[in-house]
Amino acid sequence: MSNLILIVDDEIGIRELLSEILRDEGYEVQLAATASEARELRQRQRPDMVLLDIWMPLEDGVTLLREWASTGQLTMPVVMMSGHATVDMAVEATRMGAYGFLEKPIALPKLLSTVVRAMQAGKEVRQQTLSSHQLGRSAVMNELRQRLDQIASQAVPLFLMGEPGCGIELIARHLLKPNALWYAPEEMHWLEENPFQPLQDYQGGVIFIAELANLKAAEQQGLIQLMSKLSRYHLRLICGSAQPLGELIRNGHLAAAFLAQMGGVSLAVPALREHAEDIPEIALTFLNRMIETGEIPVRTLTSGALNLLRQQRWPGNLPMLASAVRTLALTSSGFEITFEDAQRFVTDYEGEPGEPNTTDEGQRSVLVRDLVALYEKPLREARDEFEKGYFEFHLRDARGNISRVAERVGLERTHLYRKLKQLGIHGVIYRHESERG
């Protein structure tokens, strides 16, 4: 359905007013009073854009935006709305992927012009890749994003090193300001012929060189010349490399004086196996994107299939995982992609199931033994024991962060606290919270 706008606001008067205005302009409209209603509508159908209130009871709009971004569902422009938001909150929302921000009360011309631009942007930029936030919430990825944020205001060149397919360009785009231009040329001869070529056309944006090893000596010199002009045009230079910079110099791919003349900061981008706990979320993001673009039929990945995918090493990183998800969706016999489907794929692809990342045979044996013992107990006792272990696992994994646990297990925080108290594991919460503090 084209030109569909989802309005999410807890105030009925605002919902009805915006709905009336936009329907008069020829748009189709859906309404949601809470984040949970919006979540349900989004799962059923992708709107062409969303007007999302920041302040709502139970769950705010920024939390919902963050969830959509991390699960691959932020495939439409989202414009945040508020009468009380701070500048910092607006900046944070745009960094997470919001298209724009409207301050209440919203002037009619401002509303209509923003909707037109957002709808056009949604048509022109059909996102086919992840964002840096969708590469996971593991400690290693959070630390990398934190370091990127620390240098965001500095104009120094950035060198990103990592294996092919690990997401260097996605990480580089983390530093692209909202509505700024991105220049990532495939051919580099312009650096030798006219290194100042992109200055006027891309000022305020980012120049991305995908692979430093491919630059010839003359192109390296052109890049050094370009560096002297970047600050005047508020341009940032980001370069990628599949090898450490020192190795590029030792192998003769870079001139020894190149780095000294360029200056800059270098960061390593982890391979997928180095943040394996993020693989299930990334796989689901790929699946949702492929479904929405019509590339695959509607499918869902079971927890067993996701766990098996998490255990593989993925030497080809993100493209290899995306290919696996596509193959599983196209070859599974039913709506659910099961553990057996994933195991068959892994066996066909590698000859035998891939080496697990985090689980050895001893741990598996213990797990099987514990499950058998659990199944032999009365239902109520087995259920309580399972739930206790389940919540303790998520508390440990989230380092006692209750908000994150509530989000993962699908419970409101008050309900989660009540459940933990009922199971007698309050001490676990306080222990982990004190360790964090």
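Some notes on this structure:
- Boolean, Leu254 is touching a residue at least 60 places away in the same chain (Cβ under 8 Å), in a loop (DSSP other than H, G, I, E, B), among the hydrophobic types (A, V, I, L, M, F, W, C) and open to solvent by less than 80 Å² (accessible area, probe 1.4 Å): no
To keep it simple, each residue is scored yes or no on (1) open to solvent by 50 Å² or more (accessible area, probe 1.4 Å); (2) within 20 Å of Trp68 (Cα to Cα); (3) in a helix (DSSP H, G or I); (4) touching a helix residue (DSSP H, G or I) at 6+ places or on another chain (Cβ under 7 Å).
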{"site": "Asp278", "(1), (2), (3), (4)": "no, yes, yes, yes"}
{"site": "Glu281", "(1), (2), (3), (4)": "no, yes, yes, yes"}
{"site": "Leu284", "(1), (2), (3), (4)": "yes, yes, yes, no"}
{"site": "Leu287", "(1), (2), (3), (4)": "no, yes, yes, yes"}
{"site": "Ile291", "(1), (2), (3), (4)": "no, yes, yes, no"}
{"site": "Gly294", "(1), (2), (3), (4)": "yes, yes, no, no"}
{"site": "Val298", "(1), (2), (3), (4)": "yes, yes, no, yes"}
{"site": "Ala305", "(1), (2), (3), (4)": "no, no, yes, yes"}
{"site": "Pro315", "(1), (2), (3), (4)": "yes, no, no, no"}
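- Among the residues listed as Asn307, Asn251, the single one being of a type in the set (S, T, N, Q) and at pLDDT 90 or above: Asn307
- For Thr71, the stated conditions hold: it is of a type in the set (Val, Ile, Thr), modelled with pLDDT under 75 and either at negative phi or open to solvent by 30 Å² or more (accessible area, probe 1.4 Å) (or both).
- All of (1) open to solvent by 10 Å² or more (accessible area, probe 1.4 Å); (2) more than 19 Å from the chain's Cα centre (by Cα); (3) touching a residue at least 24 places away in the same chain (Cβ under 8 Å) hold for Arg44 with one exception: (3).
- Residue list for segment 319-330, filter: surrounded by fewer than 21 Cβ atoms within 10 Å (Cβ to Cβ) and either among the hydrophobic types (A, V, I, L, M, F, W, C) or under 13 Å from Phe345 (Cβ atoms) (or both): Met320, Leu321, Ser323, Ala324, Arg326, Thr327, Leu330
Matching residues to (1) closer than 23 Å to Glu163 by Cβ; (2) aliphatic (A, V, I, L, M); (3) in contact (Cβ under 8 Å) with a residue 24 or more places away in the chain:
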site	(1), (2), (3)
Trp182	yes, no, yes
His189	no, no, yes
Glu192	no, no, yes
Val206	yes, yes, yes
Glu211	yes, no, yes
Glu219	no, no, yes
Cys239	yes, no, yes
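- Of all residues in segment 176-183, none are open to solvent by less than 80 Å² (accessible area, probe 1.4 Å) and among the basic types (Lys, Arg).
- Residue match in segment 15-29 (condition: modelled with pLDDT under 90, open to solvent by 20 Å² or more (accessible area, probe 1.4 Å) and of a type in the set (Phe, Trp, Tyr)): no
- All conditions in (1) among the hydrophobic types (A, V, I, L, M, F, W, C); (2) part of a helix (DSSP H, G or I); (3) surrounded by 20 or more Cβ atoms within 10 Å (Cβ to Cβ) hold for Ala260, with the sole exception of (3).
- Residue in segment 216-238 that is surrounded by the most Cβ atoms within 10 Å (Cβ to Cβ), counting only those that are assigned to a helix (DSSP H, G or I) and touching a Gly at 6+ places or on another chain (Cβ under 9 Å): Met227
- Here Gly61, Gly100 are screened, and the one residue that is open to solvent by less than 40 Å² (accessible area, probe 1.4 Å), over 24 Å from Ala406 (Cα atoms) and not hydroxyl-bearing (Ser, Thr, Tyr) is Gly100.
- Elements of type helices (runs of 4 or more DSSP H) contained in segment 114-204, each with 2 or more residues being polar (S, T, N, Q) and either touching a Pro at 6+ places or on another chain (Cβ under 8 Å) or at pLDDT 90 or above (or both): 139-151
- Residue within segment 214-235 that is modelled with pLDDT under 90, within 26 Å of Leu135 (Cα to Cα) and touching a Leu at 6+ places or on another chain (Cβ under 8 Å) present: no
The values are calculated or read from the model by the stated rules, or taken from the named source; none is laboratory data. Just so you know, these numbers come straight off a predicted model, no measurement behind them. Virtual Cβ from ideal backbone geometry, glycine too; neighbours counted across all protein chains shown. Side chains are part of the model used for accessible areas, which takes the heavy atoms of the whole protein and leaves out ligands, DNA and RNA. Shrake-Rupley method; radii C 1.70, N 1.55, O 1.52, S 1.80 Å.
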